[in-house]
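Quick notes on the structure that follows.
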Amino acid sequence: MLFNTLPFLILLVVTFGLYYIPALRRLQVLILVVASFTFYAYSYPAFLALLFVSAIINTYASHKVYYGRPETRKLYATAGVIANLAILIFFKYSPFIARMAFDPKGDIGAFLISIPLPIGISFFTFHGISLLVDVFQKRDLEAYKNSIDKSIWKHGLATSLYIAFFPQLVAGPITKSYAFLPQIREKYLKDIQWELAFKNLVLGYFMKMVIADNIKDQTFWISYPFFQAYSTPTLLAMIYGYSMQIFADFAGYSMIALGLGELFGYHLPVNFKFPYISRTFSEFWTRWHISLSSWLREYLYFPLGGNRKGNLRTYLNLMIVMFLGGLWHGAAWSYAVWGSFHGLALAVERFFGNYIKPKETAVVKAIQMLSVFVFVTFAWLLFKLPNFEEAMMYMKAIFHNTHSGQTNFTVIFYILLYSIPVVMFHFFYLAETGIEKRLGFLKPMLYSLLVFAIIVNSGRTGSFIYFQF
């Protein structure tokens, strides 16, 4: 179920109405859990069983970790993490493994390749792992004292809500258990931060429906074999357009998720902070998909040793984390290469950062931002063309079609037109004026224009890009 469809609007209105009825206040968690399972089952009913299994595993294991005997807590935590990883690997990576290790036409290979990919599996399994690891490592943390009920039924409802909360179920942001569980309590209509919810929803829907959904019709031509017919300027414009599209699409989803969470009294973490103004790759990963970066840092980079075991080990840890982070995005070598590119960039940047300290001039800052943006933008090609050979063919076409191929001025025009709001969005922040401060009394007018644009100029409805991960 997409956020920008009538069935979702109906589900949202019904859920919101029931949620704030005073007589049903004690059932608020159950109402959200039912709504979340309905949301997930609407388009993919067969996968609902998997979501149930995930909730049951993580409920039972985390309850045993918290209330069980000291000598068994580690066992239950380990078993629960392994179960989560097994589910993720089986459903997401079986086809990938089959193509490498088995005959695709053989019985085993054909079976593994036929396994479907449940939507949002990476996100809800990461939530399960976060719950188990955090309860085990931070059992005495104040956040858990009133969050893990002795009644396994009540704990099961809380765990189900944490894993399946519909605003963040299929594409995040990834929330730490110690940040989400303490928020589970009775909610009141008067406590809703209406302005914050409204701004996030309007800006999120504008990003998705007006920017991303319109640009996607232009970046469609990046697909093989269509791109081979276009000239270098068109090819460059399209990869630039995809960089704008993927930001608007995913940042838009995250903003909508934050706005929806606020409507039900839950504060989700900000997932994007103007990533395209980053001057370094490490800064980029503190601004792009922040919840994933934080998760990888806390549950993978630090356990590997982080930067505490010397420079060489730090570089290796960065490469490992980004390689696995790439594979998290998709079961294909192109995603692993994408992650490795970023890992290598982080390692090289860290190495030279120990010896080179450039002057903080406007020109240097501009060069740094442009360099990071260009690298990040061309790396996105591996998302649009997961077949690595096709991505390489696209890069060759950029160099070979300088004097051949069609220059599609319509594609270029619309990409530049719809990327203007993204550029301005970053520019206001870069200028240190902030959109809010800059607009002042004009804010209501701006948001009215955004709502008007959503109504009259939305592109054709399309799935969110990160649904596939």
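Structure values in brief
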quantity	calculated
Table column - 3J(HN,Hα) (Hz), the stretch 102-118, Karplus curve with 6.51, -1.76, 1.60, x for Gly and Pro	10, 6, x, 9, x, 4, 5, x, 5, 5, 5, 5, 7, 5, x, 9, x
Proximal lysines relative to Lys365, as straight alpha-carbon distance under 28 Å, when same-chain residues fewer than 8 apart are discounted	Lys273, Lys357, Lys437
Linear extension gain, Leu196 paired with Leu18, 0.36 nm per residue minus alpha-carbon span	61.9 nm
³J(HN,Hα), Karplus 6.51/-1.76/1.60, whole Hz, each residue of the stretch 333-339, x for Gly, Pro	5, 4, 5, 5, 5, 4, x
Most to least accessible of Ile21, Ile129 (protein chains only, probe 1.4 Å)	Ile21, Ile129
Spatial separation of Cα centroids for the stretch 39-98 and the stretch 367-423, in angstrom	39
Size-normalised alpha-carbon gyration radius of the stretch 26-185, reference 2.2 N^0.38 Å	1.11
Accessible area of the stretch 250-361 belonging to carbon and sulfur atoms, whole % at 1.4 Å probe	68
3J(HN,Hα) from dihedral phi, the stretch 9-16, Karplus parametrisation 6.51/-1.76/1.60, rounded to Hz, x for glycine, proline	4, 5, 4, 5, 5, 5, 5, 4
Unit charges on C-beta of K, R, D, E only; dipole of the chain, Debye	1020
Contour excess over end-to-end distance, with Cα ends at Gln228 and Val363 and 0.36 nm allotted per residue	45.0 nm
Area of Arg99 that stays accessible when all protein chains are in place (1.4 Å probe, Å², to 10)	150
Charge dipole (the stretch 6-191, unit charges on Cβ, about Cα centre) - positive-most of Ser94, Asn58, Phe37	Asn58
Amide N of the stretch 46-71 lying under 16 Å from the label point, which is placed 7 angstrom from the Cα of Lys145 along Cα→Cβ	none
Listed residue pairs exceeding 32 Å between alpha carbons, taken from Lys92/Lys145; Lys190/Lys443; Lys74/Lys199	Lys92/Lys145; Lys74/Lys199
For Tyr230, distant residues with modelled amide H under 5 Å away	Gln406
Amide hydrogen neighbours beyond the local backbone of Asn457, cut-off 5 Å, H modeled	none
Sites matching GluC sites (Glu not before Pro) across the stretch 298-363 that sit in DSSP coil, with at most 16 neighbouring C-beta atoms within 10 Å	Glu360
Accessible surface, the chain, averaged per residue in Å² (probe 1.4 Å)	47
Ratio of the Cα radius of gyration of the chain to 2.2 N^0.38 Å, where N counts its residues	1.01
Ellipticity estimate at 222 nm from DSSP helix runs (n ≥ 4, -39,500 (n - 2.57)) divided over the chain, nearest 500	-20500 deg cm²/dmol
Given charges at beta-carbon only (K, R positive; D, E negative), |dipole| of the stretch 146-234 in Debye	300
For q = 0.08, 0.09 Å⁻¹, Debye-computed log10 I/I(0) when each Cα of the stretch 194-468 counts as one equal scatterer	-0.36, -0.46
Magnitude of the charge dipole, the stretch 194-468, Cβ model with Lys/Arg +1 and Asp/Glu -1, debye to 20	620
Two-site label geometry, Leu300 and Ser463: point separation in nm, points 7 Å out along Cα→Cβ	2.3
Centre separation in Å (Cα based) which lies between the stretch 148-165 and the stretch 309-349	35
Environment charge of Tyr67, counting only residues whose C-beta is closer than 14 Å and scoring Lys/Arg +1, Asp/Glu -1	+4
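The values are calculated or read from the model by the stated rules, or taken from the named source; none is laboratory data. All values derive from a computational prediction rather than experimental measurement. Reconstructed Cβ throughout: ideal geometry from the backbone, glycine too, with neighbour counts over all protein chains shown. Each accessible area value is taken on the protein alone, full model and side chains, heavy atoms only, with ligands, DNA and RNA left out. Shrake-Rupley method; radii C 1.70, N 1.55, O 1.52, S 1.80 Å.
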